[in-house]
Each structure stands twice: as C-alpha cells, then as structure tokens.
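Here is the structure we will look at, set down as structure tokens.
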Amino acid sequence: MKQAVLMSGVAIGFALSSPAQAAVTIDGGQVTVTGVDDTFNVSFNGLSDGQVVRGLSSLLTLTVISVGSNWVFKYSLDNTGAGTVTGFGFNVSPDVVGVMADGTYGNESLGFKAAGFRAETCFQAGSGSCPNGNHKNISDPGTGTLTLQFGSAKNEITLSNFVNRTQSFQIGNVSSAVGQGTPVSPVPEPATWAMMLLGFGLVGAAMRRRGNTTHRVRFAV
C-alpha cells in the first residue's frame, strides 16, 4: 500500500514538473496551431536591400482565442528597437477568404507588399496603403485581435512568411525597412515555473522517503 502511495506521489511530481504538452508545432519558419490558447512568438529583424539593419527588432506574440471557420488571435507587438513598426503580415494555409482586425493594428487587408516582400495578409496601424500608411501615435506594445476567415471550419492552420514594416527612423542612410520573422516558443510564465519547481520538490521528497525506508526481517525460531 505504501509502495503504491509512493509511486503515486512520484507520478504526480513528474506531472507537475513537466510543462503541458504544447499543441503548437514550429518547423523552421512556419507554425501550426490546433486550438484555443495555442501561443507562440515571432522575432523580427530589420532588412534594407537584403542586408540586416542593426538596431531594428520587434517581437510579435499571437494567441488563439477562437477556432472554427473563423480563427481569432490575440496579438501583442512589442517594438524592441528603433523606429515605429507600422504593420505586419504572414501567409496562411489553407488560404483565407478574408481578414478582420481591431486594436492598434486594426487596418487590415489581404496582401502585404513592401520593398520587394509579399505576404497573404496585412495588419496596419493608421490609414493608407498597408503596410505603408500613417504611422503616428502607435502604442507600444500594440495590442488587439485579428481574425482569419475561412470558407469552412478548420481543425488546424499553418502560418508562415512573417514580415513587418518599420518606419520613422534614421540609421545611417536607412529610414525604412522590412523585417523577416522567426517563430519561437514562448518563455514559460512564472506560474509555470512555480508548478515545475513544486513537481521537482515532490519527486525529491518521494525519493528521500523511499531511500529512508527500513525493512525488518524476522527469523523463525
């Protein structure tokens, strides 16, 4: 009985110490999501004439909040470098039939085109031609929701070819750039780390208890 309780404690400890199995699949430059709460980050650089512009960077976080024929994401775009990020976009598989957005980057359209870069979707702050319009008074980080519309319900979708537009800066002779995004897994939140530490603690306690067990042997007389 004690052995069963001990093994149960070890199992619970390992369960707590292991982060939840992620439903997000990152394969090179593309990300596949399958359900609500799937979260990932996209780290952007800045490019001008194919060369990386040092001092330009931003981080986009996307979280699925609704699925079906319309996939809704919560977005947060943090400009971590110089200039102002005026818009971003990406490709979607299967193809979307429409897009909607609200919040900071609430001027949406099908088609991102800037400096030789193209993407299927575009989300921009301000008015004008996406992603090159009015870039005044953009909050940082920019937050809101975006919706990808499909002709029928989808069990999973894949996003790729992440791009963004940065303007209103001067680094050498460069004053605008397009960034390419690299998908990355999000860093675990403090609560997740706490659960992992608790799990490791339970495992350690169970192992110590097992190591201190005294076995008594009785001899027949």
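Of note:
- A simple spin-label model places pseudo-atoms 7 Å from Cα toward Cβ; at residue 25 and residue 139 they are separated by 3.6 nm.
- Spin-label model, residue 152 to residue 49: label points 7 Å out along the Cα-to-beta-carbon direction sit 5.0 nm apart.
- Whole-angstrom gap from region 111-180 to region 83-107, using each part's C-alpha centre: 6
- Here the spin labels are modelled as points 7 Å beyond Cα on the Cα-Cβ line, and at residue 69 and residue 185 they lie 3.6 nm apart.
- Shown here are the Rg and Dmax of the Cα trace of region 22-187, at 14.8, 48 Å.
Bear in mind that the values in this text are calculations on the coordinates, not laboratory data. These numbers come from a predicted model, not from an experiment. FYI the Cβ positions are ideal-geometry reconstructions off the backbone, even for glycines, and counts take in every protein chain you see.
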